[in-house]
1. Quick one: which residue in 207, 260, 199, 264 is in contact (Cβ under 8 Å) with a residue 12 or more places away in the chain and surrounded by fewer than 21 Cβ atoms within 10 Å (Cβ to Cβ)?
2. Can you name the residue in the stretch 109-126 that is surrounded by fewer than 18 Cβ atoms within 10 Å (Cβ to Cβ) and part of a helix (DSSP H, G or I) and is also modelled with the lowest pLDDT among such residues?
3. Given 188, 156, which one is more than 20 Å from residue 82 (Cα to Cα) and either assigned to a helix (DSSP H, G or I) or over 15 Å from the mean Cα position of the chain (by Cα) (or both)?
4. So which residues in the stretch 233-282 are within 18 Å of the chain's Cα centre (by Cα) and outside any helix (DSSP H, G or I)?
5. Between 48, 73, which is surrounded by 20 or more Cβ atoms within 10 Å (Cβ to Cβ), within 19 Å of residue 141 (Cβ to Cβ) and touching a helix residue (DSSP H, G or I) at 6+ places or on another chain (Cβ under 7 Å)?
6. Working only within the stretch 186-198, note down all residues that are modelled with pLDDT of 95 or more and out of contact with any helix residue (DSSP H, G or I) (no Cβ under 7 Å at 6 or more places or on another chain).
7. So residue 161 ticks every box in (1) more than 16 Å from the chain's Cα centre (by Cα); (2) part of a helix (DSSP H, G or I) but one. Which box is left unticked?
8. With the condition kept exactly as written, say whether any residue in the stretch 95-108 is surrounded by 17 or more Cβ atoms within 10 Å (Cβ to Cβ) and outside any helix (DSSP H, G or I).
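The values are calculated or read from the model by the stated rules, or taken from the named source; none is laboratory data. Here the structure is a predicted model, which is why all the values come from computation and not from measurement. Glycine gets a Cβ as well: all are built from the backbone with ideal geometry, and neighbour counts include every protein chain shown.
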């Protein structure tokens, strides 16, 4: 017989996910054209909110707003780069608009095509700025956003043959393109799990290792779709499925060794990273986030 306490906790976490999905749908409706329904359906909003809720089941609805919205931002940028940016100048304009919005108080100035994306970034920054730790960690947050955008732009060039294709390790070193650590850092700052640059630095090595694992997991799960669209993928770069799986096993083992020592001072951040590995493996075994990108 199941433990009533565990059943209660599961029910509460599911309620967090429902509330989070509804919040994301309302939030997305504010940015005209940024979230087209053919890509962003209720299933995507719900699955992002479910990931946020089960990743931090101790949190409140309010405390999960930033992790959910940061996740949605990653998807918005990914779609714009993949589906709308046709030139390096357009990629640079999107990147510049995001970085300006992240660094500027008030309404961001941006080219028309990037205006709603910039507004989203500015609103996310404002949400983060309401927390007590943001003043000390704003520079770290902006740096992580910049790393993500730079990695996405580099991947955009690789996918279009504008630069030489990377080797497997160079590709893996570009795992910031997944946005996983940007999302985690945003969440930790807003939730108060980290309050100083030194605290965030302690989490970085584990977070980057988990991010590399997630990059390969996503590649393994979505390689058929990405091969058809021309996206860069570890398998398209010459790695076999067995090689990808073996590298993931190494990264999982490395992550476990890095996460363990964090549990004393940063128990919730450590649990979040541990959960990311195992939850994501189960999720990608059966599904994908995108509405129009079935594997």
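1. Of 207, 260, 199, 264, the one residue that is in contact (Cβ under 8 Å) with a residue 12 or more places away in the chain and surrounded by fewer than 21 Cβ atoms within 10 Å (Cβ to Cβ) is 199.
2. Filtering first and then ranking leaves 113.
3. 188
4. Matches in the stretch 233-282: 233 only.
5. Checking each option against the conditions leaves just 73.
6. 198
7. In the conditions (1) more than 16 Å from the chain's Cα centre (by Cα); (2) part of a helix (DSSP H, G or I), residue 161 misses (2) alone.
8. yes
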